[in-house]
Amino acid sequence: MIKVAIIEDNNSLRRSLRNLIDDAPDMQCVAEFGNLLNVVSEFHKTSPHVVLMDIGLPHISGIEGVVTVKENFNNVLVLMFTVFEDDEKIFEAIKSGASGYLLKKTAPEEILEAIRSLYQGGAPMSASIARRVIESFQKNNSNTREVFNLTTRESEILHSLVEGLSYKKLSEKYFISISTVRTHIRHIYEKLHVNSKAQAVAKALKKM
């Protein structure tokens, strides 16, 4: 069972999200908040796996909230859920530790699939957001490669991680075994000093 917390200041939307999650057979909404003021103490009680978080929150912004959540609960996965599509907000959220980024116009079933994907190790993003991240990465790909001393193939695979490709898809794209994919990704993690796909993407974006 995937335990989900919702941080959204729109009461009606928050209730709708809670109902959506509670109606899913493999999820449970364990906490919901209109702001970030009591999140740390409540998370100690409810231990969510995934947090669905708005950016435009009162008192403390969602981007600051990502930092707070990750500092106190490193294993909790944060999925931004927002109306903001501008590059600055997207990259700020990812660099702060968010593992996925959805727009509020996302269809209900896609929201559930994004939560499942995140829980299983993915980095879900709305299609328009993913395109912006990929375009930015492509413009700065050579700089990222030089900064982290990546090989050409490692840089290609990191680019594909930004696109959200699975190990199986990476294997098919580059005509290599899944074992070889794992080896390349392990080397990327070592060079970037990270231990997850989301951290690798975030660290690459910080150098752009």
Could you list, in sequence order, all residues of the stretch 87-97 that are touching a residue at least 60 places away in the same chain (Cβ under 8 Å) and of a type in the set (A, V, I, L, M, F, W, C)?
-> PHE91, ILE94
Restricted to the stretch 94-120, and to residues that are buried (at least 23 other Cβ atoms within 10 Å of the Cβ) and in a loop (DSSP other than H, G, I, E, B), which residue is nearest to the chain's Cα centre (by Cα)?
-> SER99
Which of the residues belonging to the stretch 11-31 are of a type outside the set (A, V, I, L, M, F, W, C) and either at pLDDT below 95 or under 17 Å from LEU77 (Cβ atoms) (or both)?
-> ASP26, GLN28
Of the conditions (1) of a type in the set (A, V, I, L, M, F, W, C); (2) part of a strand (DSSP E or B); (3) under 15 Å from ARG116 (Cα atoms), LEU20 fails just one. Which one is it?
-> (2)
Options GLY97, GLY56; residue that is in contact with a helix residue (DSSP H, G or I) (Cβ under 9 Å, 6 or more places away or on another chain) and either under 18 Å from VAL162 (Cα atoms) or not assigned by TED's automatic domain parsing to the domain that holds PRO25 (or both) | GLY97
Only residues in the stretch 75-86 that are among the charged types (D, E, K, R) count as the first member; pair them with residues that are in a strand (DSSP E or B), Cβ under 7 angstrom, at least 6 apart or cross-chain, and list the lot.
-> GLU85/LEU103
Within the stretch 81-89, is there a residue that is of a type in the set (A, V, I, L, M) and crowded, with 20+ Cβ neighbours inside 10 Å?
-> no
Residue among VAL50, VAL39 that is modelled with pLDDT under 95 and either under 13 Å from VAL69 (Cα atoms) or under 20 Å from the mean Cα position of the chain (by Cα) (or both) = VAL39
Filter the stretch 133-162 down to the residues that are hydroxyl-bearing (Ser, Thr, Tyr) and at pLDDT below 70, then identify the one that is farthest from GLU190 (Cα to Cα).
-> SER136
How many residues does the stretch 23-41 contain that are outside any strand (DSSP E or B) and touching a residue at least 12 places away in the same chain (Cβ under 8 Å)?
-> 8
Residue by residue through the stretch 1-50, note down the ones that are crowded, with 18+ Cβ neighbours inside 10 Å and among the acidic types (Asp, Glu).
-> GLU8, GLU32
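The values are calculated or read from the model by the stated rules, or taken from the named source; none is laboratory data. All values derive from a computational prediction rather than experimental measurement. Heads up, the Cβs are rebuilt from the backbone with ideal geometry, glycines too, and the neighbour counts pull from every protein chain shown.
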